[in-house]
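In what follows, a structure is listed as structure tokens, so that the remarks can point back to it.
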Amino acid sequence: MSQTESAAFIAGYPLKAHNTFGFDVRAQFACRIEREAQLMAAVRDPRTAGLPRLVLGGGSNVVLTGDFAGLVLLVALQGRRIVREDDDAWYVEAAAGEPWHDFVAWTLAQGLPGLENLALIPGTVGAAPIQNIGAYGLEMCERFASLRAVELETGAVVELDANACRFGYRDSFFKREGRDRFVITSVTFRLPKTWQPRAGYADLARELAASGHTDAQPDAQAIFDAVVAVRRAKLPDPLQLGNAGSFFKNPVVEATQFEALKVQEPEVVAYPQPDGRVKLAAGWLIDRCGWKGRAMGAAGVHERQALVLVNRGGASGAEVLALARAVQRDVLTRFGVELEAEPVCL
Ligand code: EPU
């Protein structure tokens, strides 16, 4: 760490532009991190010693229910590069503060396919491993090589591989044992040279067919364009309507519970899992309970995708959580299925 590095704290910092729900809350202190060394200077500074800390990238997976009485670290580390290649793959690295979608577009512009199914996901590169982002038949962990992180307690810089990150469905070590202990500073992806299009997801296949890709194999750019089109049609743009993407995870239930549910609801949308259990489409369950397009105060269920809760203007985090609880209650009563929130609620 550089001896001259010192932290610039801003007191009473507004977080509205740093959370995609657009909640109008403030941080007691905030500090913008543009170099790795600034991190330790910020957390070791006596002015904020002992205060709770929150790391924010794009703020796309967090529900801030009030002002944050502590130090917010705004990760703004920039940079992306092709690190190396071997016979089988290219390795690309991006700093944690890079916007995810811009990074995906940049890899394609370099002629490196592999991340196109994850186009237009809000948030930053550093946030991607925390919940192992996924969409349209691909999870980030399938393209992950390693990441670099700073352990806040010791200041040690660590390199973690996929095993250490313990990725699961919208889950990782950083949401569990590693929570609040590390700040991810950069991520390296492995993009295999034997690229195959991943175009099986129903919405994606429909969009590709509609744009004339019926016979020829779509290339990565065609998939990227189709994913962007599908997302724009279904998911609200956080800049226009505050949201954090899917608010709930798709619940995974035992096969016996699924069989019973299927008798009750023959149309239930479900995906069998390799372990014999069954993943249910939470959006379908919520929709079926009549919540799609409904509102409670300034919080609402999106009218085109029931999995997404939205800030209709001026909502508080508490209002969104009250709506989430009402939705969870109805789904539990009607289907006996518990919905787990995807974003971190603070
Ligand atoms: N459905 C409904 N009504 C709705 C929403 C969905 O009936 O209001 C049905 C759909 O017709 C479809 C099924 O539910 O048969 C699944 O819907 P969809 O394909 O839209 O995907 P999802 O399960 O709702 C998941 C991810 C999204 C990801 C899409 C595409 C989760 C929690 N969500 O949504 O991820 O973009 O698949 O891969 O796994 C996110 O995590 O923030 C996110 C947006």
Between a residue in segment 243-268 that is closer than 30 Å to Leu64 by Cβ and any residue that is near the ligand (Cβ under 9 Å from one of its atoms) and among the basic types (Lys, Arg), which pairs come within a Cβ distance under 7 Å, given they are 6 or more apart or on different chains?
Lys249/Arg170; Asn250/Lys279; Val252/Lys279
From the set of residues in segment 145-172 that are under 15 Å from the mean Cα position of the chain (by Cα) and on the phi < 0 side of the Ramachandran plot, which is nearest to the ligand (Cβ to nearest atom)?
Tyr169
Please count how many residues of segment 274-285 are open to solvent by 40 Å² or more (accessible area, probe 1.4 Å) and either closer than 18 Å to Ala260 by Cβ or near the ligand (Cβ under 9 Å from one of its atoms) (or both).
3
Please state which of the following conditions Met296 fails to meet, knowing it meets all the rest: (1) farther than 25 Å from Asn19 by Cβ; (2) open to solvent by 40 Å² or more (accessible area, probe 1.4 Å); (3) touching a residue at least 12 places away in the same chain (Cβ under 8 Å); (4) more than 9 Å from the ligand (Cβ to nearest atom).
(1)
State whether one or more residues within segment 173-194 are within 16 Å of the ligand (Cβ to nearest atom) and over 17 Å from the mean Cα position of the chain (by Cα).
no
Within segment 234-251, residues being open to solvent by 30 Å² or more (accessible area, probe 1.4 Å), within 11 Å of the ligand (Cβ to nearest atom) and farther than 21 Å from Val104 by Cβ number 1
Failed item in (1) at pLDDT below 95; (2) within 16 Å of the ligand (Cβ to nearest atom); (3) open to solvent by less than 30 Å² (accessible area, probe 1.4 Å), with Ala202 passing the rest
(3)
Looking at the structure I just gave you, is Asp225 open to solvent by 70 Å² or more (accessible area, probe 1.4 Å) and either within 15 Å of the ligand (Cβ to nearest atom) or not basic (Lys, Arg) (or both)?
yes
Within segment 210-222, how many residues are assigned to a helix (DSSP H, G or I) and either without any contact (Cβ under 8 Å) to a residue 12 or more places away in the chain or open to solvent by 40 Å² or more (accessible area, probe 1.4 Å) (or both)?
2
Based on what the data block shows, is Thr107 closer than 21 Å to Ala199 by Cβ and polar (S, T, N, Q)?
yes
Quick test for you: out of Arg288, Arg325, Arg231, pick the one residue that is within 11 Å of the ligand (Cβ to nearest atom) and open to solvent by 40 Å² or more (accessible area, probe 1.4 Å).
Arg288
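The values are calculated or read from the model by the stated rules, or taken from the named source; none is laboratory data. Nothing here was measured: the structure is a model prediction, and the numbers come from that model. Backbone-built Cβ (ideal geometry, glycine too); neighbour counts: all protein chains shown. To get the accessible areas, we keep the full protein, side chains included, count just its heavy atoms, and leave off ligands, DNA and RNA. Shrake-Rupley method; radii C 1.70, N 1.55, O 1.52, S 1.80 Å.
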